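The block underneath contains the structure these notes are about, expressed in structure tokens.
The values are calculated or read from the model by the stated rules, or taken from the named source; none is laboratory data. A quick note: this is a predicted structure, and the numbers were derived from the prediction, not measured. Quick reminder, even Gly has a Cβ in these numbers, built from the backbone with ideal geometry, and neighbours come from all protein chains shown.
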Amino acid sequence: MKSKTKERNRLLFVLLIVVICFINSTVAKAQENAESTQIDCQLYYYNQLTDLEKELYNVLVNSKEDFLNNKPVKYIIGYYNKNTGVDRKYYIDAIQRAENAYMRDNAEVQIWLKDPLTFVSFKDGTIQMVLRPNTVAKKYADINSQDIRKAIVEFETKAENFAKTLKGTDAEKLKQIYKWLTETVSYDYTFNLPNTRNAYGAIVQGRCVCSGFAYAYKYVADLADLKVLYVQGKYYENKPNQETYIPHAWNIAYVNEEWVLIDATFGATAPKKKQFDYLFASMEHSRYYPDEKFIYPEN
């Protein structure tokens with residue numbers, strides 16, 4: 001009898017171990033799958049790039065001082081043989097995709113990076129990325145002759161001070177950012193004001209166009225560790241099958257386990273009773289069409 005009891009206990013023990021191993025394996029796989037579907041919104045566009053484009057993106061990240069000092073950025077991408085030739089367009093496209101990703105992931109960049117002139121240079125058997133300051137753009141969008149470094153500190157301080165006031169759930173914080181921007185920033189109908197297209201124009205000067213609103217929203221959201229993306233695309237004034245649209249910029253956010261659309265520009269310009277119609281709007285909104293296809297995490 002005792003031997004049967006011992007045998008049964010042994011079998012139960014083995015079964016228990018098997019069950020525990022199965023549960024641990026299932027949990028581990030679930031966590032792995034969950035991690036694989038998570039999107040780092042602060043590096044969203046970076047993570048969509050090829051290896052070469054990521055390399056160029058990182059060059060831009062490390063070139064802030066050159067941009068601030070108004071110096072050209074040069075980087076050897078690789079080497080070529082004159083006999084085999086090289087696809088110039090391939091490298092131009094790679095640079096432009098890296099540059100666009102860098103600006104969209106880092107909402108403050110356009111404060112000091114003013115539409116640089118982009119080149120691919122072939123010299124002494126090397127393929128080089130060359131970004132030169134655009135003096136016309138700099139004159140058009142300068143920080144009103146202020147020292148650029150002081151302007152950046154002013155911008156960062158004001159944004160950080162506001163971010164510290166955010167309280168509550170992620171949804172409540174996103175609403176507070178939206179309310180702050182839509183009630184303190186005006187739309188620049190002249191389209192000609194300095195910094196009208198960047199976050200400095202929105203947060204410090206209080207006037208900008210859609211890209212300024214969207215960059216500012218993302219910048220503050222990043223400070224608060226909220227999942228927000230900057231998006232560019234088309235907004236159709238009537239129906240999508242018509243050609244009447246405007247180039248536009250807005251945000252999308254991941255909150256309460258779903259992606260939602262946030263448009264602080266239209267929130268700021270809409271009648272007060274419709275101010276919040278553009279906060280947490282459905283992603284199925286038929287008038288918004290991003291320029292790029294987005295990969296969302298599974299709910």
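Scanning the range 176-206 for residues that are closer than 14 Å to Ile262 by Cβ and out of contact with any strand residue (DSSP E or B) (no Cβ under 9 Å at 6 or more places or on another chain) turns up Gln176, Trp180, Leu181. Can you say whether Leu261 is at negative phi, assigned to a loop (DSSP other than H, G, I, E, B), surrounded by 15 or more Cβ atoms within 10 Å (Cβ to Cβ) and of a type in the set (A, V, I, L, M), as far as the supplied structure shows? When the stated conditions are applied, Leu261 does not pass them. When the criteria are applied in full, Ala94 meets the requirement of being under 20 Å from Leu49 (Cα atoms) and in contact with a strand residue (DSSP E or B) (Cβ under 9 Å, 6 or more places away or on another chain). Pairing residues of the range 211-236 that are in the same structural domain as Trp180 (by TED's automatic domain parsing) and in contact (Cβ under 8 Å) with a residue 40 or more places away in the chain with residues that are in a strand (DSSP E or B) and among the β-branched types (Val, Ile, Thr), at Cβ distances under 6 Å and at least 6 apart in sequence or on separate chains, gives Lys218/Val228; Ala221/Val228; Leu229/Ile252; Val231/Ile252; Tyr235/Ile246.
Taking the conditions (1) surrounded by 16 or more Cβ atoms within 10 Å (Cβ to Cβ); (2) modelled with pLDDT of 95 or more; (3) over 20 Å from the mean Cα position of the chain (by Cα) in turn, Pro194 satisfies each one other than (2). Within the range 201-234, the set of residues being surrounded by fewer than 24 Cβ atoms within 10 Å (Cβ to Cβ), polar (S, T, N, Q) and under 15 Å from Asn106 (Cα atoms) comprises just one member, Gln232.
Looking at Glu65, is it acidic (Asp, Glu), touching a helix residue (DSSP H, G or I) at 6+ places or on another chain (Cβ under 9 Å) and outside the structural domain of Tyr254 (by TED's automatic domain parsing)? Answer is no for this residue.
The one condition from (1) under 17 Å from the mean Cα position of the chain (by Cα); (2) surrounded by 22 or more Cβ atoms within 10 Å (Cβ to Cβ) that Leu181 does not meet is (1). Does at least one position in the range 237-250 carry a residue that is under 15 Å from Lys179 (Cβ atoms), at pLDDT 90 or above and surrounded by 14 or more Cβ atoms within 10 Å (Cβ to Cβ)? Taking every residue of the range 237-250 in turn, none turns out to be under 15 Å from Lys179 (Cβ atoms), at pLDDT 90 or above and surrounded by 14 or more Cβ atoms within 10 Å (Cβ to Cβ). Residues considered: Asp51, Asp40, Asp87. Of these, the only one that is loosely packed, with under 15 Cβ neighbours inside 10 Å and within 16 Å of Phe122 (Cβ to Cβ) is Asp87. When each of Asp222, Asp147 is tested for being of a type outside the set (A, V, I, L, M) and more than 17 Å from the chain's Cα centre (by Cα), the lone residue that passes is Asp147.
On inspection, Phe155 fails the criterion of being crowded, with 23+ Cβ neighbours inside 10 Å, under 13 Å from Glu108 (Cα atoms), in contact with a strand residue (DSSP E or B) (Cβ under 9 Å, 6 or more places away or on another chain) and modelled with pLDDT of 95 or more.
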